[in-house]
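Below is one structure, written out as structure tokens, with a few remarks after it.
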Amino acid sequence: MSLRLKVKVMLIIEYSGTDIPNKLAESIFEPFVRADNSRNSKTGGTSLGLAISKGIIKIHGGGGYQNRYLL
């Protein structure tokens, strides 16, 4: 016999990169999409953090918005 609890959790993701332009609103959660074209892997980051966060949220049945961006 297994016991399942229904729990609601709010996960807050803080993005510390540059401002995200509106044109990237749909794609910013995809792997390797960068808000700042001047950055590269030598100067820091792989542009995977938001994609990984979105994947974890989806695997656990979540969704919603972060600021104005749909997860």
Estimated distance in nm for a label pair at His60 and Lys6, the labels positioned 7 Å out from Cα along Cα-to-Cβ: 1.8
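In what order, largest first, do Lys23, Lys6 sit by accessible area if the probe radius is 1.4 Å?
Listed by decreasing accessible area, they come as Lys6, Lys23.
The values are calculated or read from the model by the stated rules, or taken from the named source; none is laboratory data. Small disclaimer: the values here were computed from a predicted structure and weren't measured. With ideal geometry, Cβ positions are generated from the backbone for all residues, glycine too; neighbour counts draw on all protein chains shown. When the accessible area is computed, the model is the full protein with side chains, heavy atoms only, and any ligands, DNA or RNA have been set aside. Shrake-Rupley method; radii C 1.70, N 1.55, O 1.52, S 1.80 Å.
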